[in-house]
Amino acid sequence: MRRYGKNPDEDDIRVRPNRKGNRPRTHIRPKHEDAAEGMVLTVDRGRLTCLVEDRVIVAMKARELGRKAAVVGDRVGIVGDLSGKKDTLARIVRIEGRSSVLRRTADDDDPYERVVVANADQLAIVTALADPEPRPRMIDRCLVAAYDGGLTPLLVLTKSDLAPPDKLLELYGDLDIPYVVTNREELENGDAADRVRAELAGKITAFVGHSGVGKTTLVNALVPPERRRSTGHVNAVTGRGRHTTTSALALPLPDDEGWVVDTPGVRSFGLHHVDPSRVIHAFPDLEPGTENCPRACSHDEADCALDAWVAEGHADPARLYSLRRLLATRERHEGD
Ligand SMILES: Nc1nc2c(ncn2[C@@H]2O[C@H](COP(=O)(O)OP(=O)(O)OP(=O)(O)O)[C@@H](O)[C@H]2O)c(=O)[nH]1
Ligand SMILES: [Mg+2]
Ligand SMILES: [Zn+2]
């Protein structure tokens, strides 16, 4: 009988009744040194669409990988039928180390973390200036997730035809984050795409934000027409989008200019998994000042050495304020 017990590897060591006797199968499995390299483009119920050289192939995770999930952006080793022909199914036998990991939990007290995207260089935090209303707490949460996961943030403020960006930009001015503002007219005449493209060149950028903020609309403006996905409407009563996009998808930009990853709209970004010591990497001007902090300092407590460091003039007090504002984000909930 097959068991899906506590030890996922148990399932692998099945016994083969053959003339060599009952030997665990693990001993004779090839090491897959010949596996082809691929990149996961999208995942749909256990089927992973991958790019191998210039072929798009569908694969399943090999059982030997246990519970480790391959996600969009993962670099993987693939064996089996790599022809890309209809109805073929290859096998993913390896998931390479990740250069970055964008994680979220459904809620702050939810220990179950999902990896949204692997290996992205940049996180485009997409916020509509109206319809739906911007929520700075959501931006703060995405910033923390970016810093925690090793991605650099980019603020994308959409729908400036409906409301001006000034207030939001003022709020984020101190954080020194690059930003782009777009609107309906510029989406249509190509200016929005040009401006955003300049920020994406040579990088893998994941687009995240609430439903209805215009992530897919923007991604569609960047990719060739045959790659466009459907976009939705914002409900006039609730002011929310309709969760039009249901799966993350990586799309190459023309002329090898990088990749964009469109993701489904989320209600919030749970930060249960966040480690303050990783967030502080995003503040290299403050990092040396943590040397005298107590062990496991939250950097937001009375004994934190950063106050003295800033008072001595080593760094700008506004930066410490920014760091604490982001760290405190974990204690606050969406809508505060
Ligand atoms: N007025 C205005 N509307 C826009 C702009 N950008 C996008 N929209 C509209 O906003 C609505 C939602 O756009 P989508 O691109 O589907 O939003 P999304 O962020 O992908 O939403 P989910 O897939 O549900 O997460 C659509 O009706 C778009 O036409 C803009 O700059 N100005
Ligand atoms: Mg969408
Ligand atoms: Zn500290």
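What to note about this one:
- DSSP beta bridges in the chain [antiparallel fraction, %, rounded to 5]: 60
- Under 5 Å, built H, 5+ apart or other chain: amide partners of T158: T127, A128, L129, T182
- The stretch 101-262 - Debye-derived log10 I(q)/I(0), Cα point model, q = 0.14, 0.15 Å⁻¹: -0.68, -0.79
- Taking P134, P164, P284 in turn, the Gaussian network model of the chain (Cα-Cα springs below 10 Å) assigns the largest fluctuation to P284.
- With Cα atoms, 0 to 90° folded angle of helix 317-328 axis to the chain main axis: 50
- Cα long-axis angle, helix 191-200 against the chain (0 to 90 degrees, to the nearest 10): 60
- Among A130, P178, T238 - extreme Cα towards positive end, dipole of the stretch 101-262, charges at beta-carbon: T238
- Among D303, D121, D148, the residue with the largest mean-square fluctuation in a Gaussian network model of the chain, with springs joining Cα atoms closer than 10 Å, is D303.
- Among D108, D81, D54: highest mean-square fluctuation, GNM of the chain, C-alpha pairs under 10 Å: D54
- Over all pairs of different C-alpha atoms, the stretch 56-152 has a mean inverse distance whose reciprocal, the Kirkwood radius, equals 15.7 Å.
- Gyration tensor verdict on the chain (Cα atoms; rounded if a/c is under 1.5, prolate if a/b is larger than b/c, oblate otherwise): oblate
Taken together, the values in this text are just the output of simple stated rules run on the coordinates, not laboratory data. Note that the structure is predicted; figures quoted are calculated from it, not measured. Every residue, glycine among them, receives a Cβ derived from its backbone with ideal geometry; neighbour counts consider all protein chains shown.
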